[in-house]
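The structure appears right after this line, and notes come after that.
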Amino acid sequence: MKGVKKMDKQSIKEGVKRYLKVKHGVTLEEAKDYEIFNAISLTIMEEIVDNWNETSKRYNQGRMAYYLSAEYLMGRALGNNLINLGLYDEVKEVFNELNLDLNKIEEVEEDAGLGNGGLGRLAACFIESAATMEMPLVGYGIRYSNGLFKQNIENGFQTECEDNWLKYGDCWSIRKDDEVQIITFSDMKVKAVPYDVPIIGYDTKNINTLRLWQCEALREFDFNLFNNQQYIEAVSARNKAEDISRVLYPNDTAEAGKILRLRQQYFFSSASMKDIIKKYKATYGNDFSDFAKYNVAQLNDTHPTISILEFMRILVDEEKVEFNTALDIAKKFFNYTNHTILAEALEKWDIRLIERLFPRILQIAYQINDALINELRQKGYDEGAIWNFRIVTNDQIRMANLAIYVGSAVNGVAALHTEILKNKELNNWYNLYPEKFQNKTNGITPRRWLRLCNPELSEFITELLGTEEWVKDLSILKGLDKFKDNDEVLNNLMKIKREKKAQLSAYIRQEEGVEVDPDSFFDIQIKRLHEYKRQLLNALYILDLYYRIKENPNIEIPKTTFIFGAKAFPGYRRAKGIVKLINEIAKLIDGDPISVGRIKVVFVHNYRVSYAQKLFPGSDLSKQISTAGKEASGTGNMKFMLNATPTFGTYDGANIEIVNASGEENNYIFGLRVEDIEKLKNNYNPKEYYRNNPCIKRVIDTLINGMLNDGGTGYFEDIYNALLEEGDQYFLLADFDLFKKAQDKVFEDYKDKKKWAQKCLANLSNSGEFSSDRTIKQYCDEIWHIEPAKVQ
Ligand SMILES: *Cc1c(COP(=O)(O)O)cnc(C)c1O
C-alpha cells in the first residue's frame, strides 16, 4: 500500500478508548464486542471525514454520474474498509496488544442487506470500484430499516423474520438533516432524510458517497390526538411514513402492497432527482442548458425509472422549462441497464394507482408517450407495430419502454444477454435505435471477493507475482499462468483451498450444527432460489446419485458434500417447496448407512454477503446451471472463478465468457444451448423423458410415493406437476442426462490431483476481466463520459 498516509497504532488505540467512553460510557475492560465494533468503526470514520468532504467538493466541480438503485447488497463494512485503507494489519496488531480478536469483532457486524441478490450486489461492487478508480460517482438508494428478511430453516422449511440490521446503531453512515427533501403524494407528504455512507476506495484518498434515503413523517405524532388519548391514531401518520422505507420488495400480491412498492420507488426517485437538481442550481443557477453536460444517471433496472417522470415534472412545473426542451435534457441524462428477460420482472404499473398517488406523473407519462408515437408515425410505423412500443397502454405504464425511449444508452449485462435483447426481446427497439444498445459484462470487486475473503490466497498471489498491484489491476493475475506446471505452486494452491474448506467447515458446524468433512469434495450452489436457476435439477441429480450408490455401493465417486444456500422469496411457493425438498433429500441421505460418509447435503441458512465470503473460497466446484438464455449474467460464477474454482455450468450468461477466458478444458459446460432450446421448445414433452429414462422416472416418482415428507403442504406434488403436467418450463428433464455425464467427468477428473489443481489455477489466472473495475471503466468511457478526479 503506497501513497496514502496511514493512521498510526497509537491513534487507533486512543480512538477506540475515546469512542468507548463517549458513545458507550465504558472502559476497554468493560466493553462488549459490539461496543468495540462501534468504537473502532467511529475511529475510522473520524479519520476519513476530511478526505470524504474533500472528495465531494472535488467531484462537484465537474461532471458527475449517479447510480440509481433500489438495492445495495453491501454486506459488512469494517473489514473491507480496513483493507481498502491499508489499516487492517495495524488494527489487528493493536487489537492483539489489547487482547482483542479483530476477527471476532468483525463477526458482530450485521450485514447491510439492502438488496435481494445479484443486482444489489452488483451495485455494491460498482460503487466500490468507482471509489477505487477515483471516479465521480454517487449512489442513491433507500435506507430500508429492515433488509429483505432473515431466513431460518425449521424442520426443513424456510421461515422468515425481520432483519433488524440497525440494532447496534449504524456507525457507517452520517445523517444529513439539513439536506432533507419533502416528498409529496396526493394523500400525504413525507420527509426523505439522507444517510450518507462513505465508500472507501482501495489505496486512494478519495471517498465516494452512497446516499440512502430514509422515510419519516413530517411530525413525530399528532399532539391533539394524543391529548385526546387516541394513541394509535396519534402515531398513524408516522407509521405510514416509516412503512415506506421499512422493507425491500414488500409483498405485492394485494393492492396495499402494490401501492407501498410504488410509493417506495417514487419516494427515492423524487428525493434523488430533487437532490441532483438542487445541487446543479447551486452552481449553475436556473439555466438548465448545461444540465446534461455536468450530470448523467444510470437506472439499475426499472425500479428507479419513475425518476424520469419526476425529473420531467420538476423541470416543467417547477423550473418552467419547456416540455420538449426538458425531454431533450432527460434523453441525455438517463441511461438504463436491463437485468433480465424474464417477463414477470419487467415492471408494469397500473395507471389507476399512478393516478391515485401522483396524477401529474401520469399526465407526463402520457405526454412522453405521445412524443414517442409521433416519432414512430413519422418514421412510418403502422399502428400495430406502434402498440408494442407504447409507454402507456389502456391500463398500464410499461417502465422498461419508458427507460429505453428516454435512455441514451441501454445495456445488457453479459454478451449473450445483450444479444438476446437486441435480436429477440427488445428487437423492435433495437431496430428503431440500434445506437443505444451496448453490452457491459458484469464484474465483481477483487477487494472484497479475494483480498478480504481469502487473505491466504491473496498473500500467495502477491508472493508469486512479487507485487500487490493485482488488487487494483486484476489483469495482472495472468502472470500466474507461468506456474501451471510448477508442482510446488500447485500443491500450495490446493493446500490453501484445503485450509479455506476447513474454515468453512468450522463455520458450518457453528451456524448449522452440521459436520462436513473438509477432505470431501465441496460442490456448491449458492444464489437466490428460482426455478430458472434450477436448484431442483441439482437436487434431482443428487437423489439419483443416492439411488446409484444404493444400487452399486462400489460406484467410484469421491466423498462429496453438496452445499446449497438460497433465500426463497416469501410469496414464491414453489421455491419454498424446493428448499424443503433439498432438506428432505439431505435427511434421506443422512439416515441411510449406505450413503452416509459418501455423500452429504447441507443447506446453509440465511445466505448473504458475509456467508458468501466464507463459501466462495472454500469451494471445489461452482454450480451455475440456469436454463440457457435465462441467467442474464451471474456474478456468483465470477466469485468462484476468482477463488480458483472451476465452473460446472450451462452455456449461459457470463459462464460463456468465463469459459472463453479460462478454457473449456478447465471447466464443465453441459446441456442445451439457447439455439437448442429454441428448436426444442415447441414440441418438448417432458413425459417422454419420464417414460424412457428409468432414472428420471425413479427420482420423479420419489416426489409423490411417500418416501419424502413435505409435511402435508402439497409442495412436492406441486414440483411433480411442474415437471410433468406444466411442461417442465425450465427443461430440467432435457438436461438431466447431460448434467449427469458432466458430473461423472468431474468426479473422474478430480482423481488426478495435479490436473485438477491446474484447472483451479487456470481459473484464477484468467479471472482478470471479471473485475468490476473493468466494467466500471467501460461505463465511464462508453456511457457516462466521466474521468477520474483525484483528491490530492
Ligand atoms: C454474488 C451474490 C449473489 C449473486 O449470485 P448469482 O449466482 O450470480 O445469482 C447473490 N447473493 C449474494 C449474497 C452474493 O454475494
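Just so it is clear, none of the values below were taken in a lab; they were calculated from the coordinates. Since the structure is predicted, the reported quantities are computational estimates derived from the model, not experimental observations. FYI the Cβ positions are ideal-geometry reconstructions off the backbone, even for glycines, and counts take in every protein chain you see.
Taking a straight line from the alpha carbon of K6, these aspartates and glutamates sit under 18 Å away, with near neighbours fewer than eight places off in the same chain left out: E14, E46, E47, D50, E54, D89, E90, E93, D203, E468.
Close amide-amide hydrogen proximity is noted between I142 and W213, each under 5 Å apart and 5 or more residues distant or on a separate chain (H modeled in the peptide plane; Pro and chain starts excluded). Residues of the stretch 369-400 with the amide nitrogen closer than 15 Å to a label point 7 Å from the Cα of R352, along Cα-to-Cβ, please. 394-397, by backbone N distance to the label point.
Figure legend: label point modelled 7 angstrom from the Cα of T184 along Cα→Cβ; residues of the stretch 260-290 with amide N under 17 Å from it are 266-275, 277-278. With contacts taken as Cα pairs under 8 Å at a separation of at least 6 residues, the chain carries a relative contact order of 14 percent.
Using a/c under 1.5 as the rounded threshold, could you call the stretch 661-792 rounded, prolate or oblate? The axes a ≥ b ≥ c are square roots of the C-alpha gyration tensor eigenvalues, and prolate needs a/b larger than b/c, oblate otherwise. Prolate is the answer for the stretch 661-792, as a/c is 1.5 or above and a/b outweighs b/c. Scanning residues 5 or more positions from G629 or on other chains, those with amide H under 5 Å from its amide H are G653, with H placed 1.01 Å from N in the peptide plane.
Of the GluC sites (Glu not before Pro) in the stretch 169-258, the ones in a loop by DSSP (not H, G, I, E or B) with at most 16 other beta carbons within 10 Å are E220. Note on the stretch 530-605: lysine pairs with Cα distance below 22 Å, sequence gap of 8 or more or different chains, count 17. Using a cut-off of under 14 Å, list every residue of the stretch 745-767 whose amide N is near the label point 7 Å from the Cα of K495 along the Cα-to-beta-carbon line. Within reach of a label on K495: no residues. Amide H contacts for Q396 (H built 1.01 Å from N in the peptide plane; partners 5 or more residues away or on another chain; cut-off under 5 Å): I351. Using the Cβ-Cβ distance between K550 and K167 with R0 = 45 Å, the FRET efficiency computed as 1/(1 + (r/R0)^6) comes to roughly 0.40. Listed values for the stretch 551-565 are Karplus-derived 3J(HN,Hα) couplings in whole Hz (6.51 cos²θ - 1.76 cosθ + 1.60, θ = phi - 60°), namely 5, 9, x, 8, 3, 9, 9, x, 4, 10, 10, 8, 10, 10, x, and x replaces Gly and Pro. For the stretch 75-177, the number of Lys pairs with C-alpha atoms closer than 28 Å, counting only pairs eight or more positions apart or on separate chains, is 6.
For a test of the definition: using alpha carbon positions, the gyration tensor, and the 1.5 limit on a/c, classify the stretch 486-572 as rounded, prolate or oblate. Verdict is oblate for the stretch 486-572. Calculated mean residue ellipticity at 222 nm for the chain: -14500 deg cm²/dmol, from DSSP H runs with n ≥ 4 weighted as -39500 (n - 2.57), summed, divided by the residue count and rounded to 500. Derived scalar couplings between HN and Hα for the stretch 782-790 equal 9, 10, 7, 6, 10, 10, x, 10, 7 Hz in order, rounded to whole Hz, by the Karplus curve 6.51 cos²θ - 1.76 cosθ + 1.60 (θ = phi - 60°), x for Gly and Pro. Here the simple spin-label model places points 7 Å from the Cα toward Cβ, and for E14 and T283 these points are separated by 3.6 nm. With semi-axes defined as the square roots of five times the eigenvalues of the C-alpha gyration tensor, the equivalent ellipsoid of the chain measures 41, 34, 27 Å, largest first. With a simple spin-label model that places each label point 7 Å from the Cα along the Cα-to-Cβ direction, the separation between K687 and Y366 comes to 5.1 nm. Working from Cα pairs under 8 Å separated by at least six residues, relative contact order for the stretch 499-568 is 44 percent. DSSP beta bridges confined to the chain are antiparallel in about 40 percent of cases.
Modelled spin labels at Q229 and E512, positioned 7 Å past Cα toward Cβ, are 5.6 nm from each other.
Listed by chain and number, the lysines placed with their C-alpha closer than 17 angstrom to that of K331 are K293, K436; residues fewer than eight positions away on the same chain are left out. Relative contact order of the stretch 312-454, taken over Cα pairs closer than 8 Å and 6 or more residues apart, is 27 percent.
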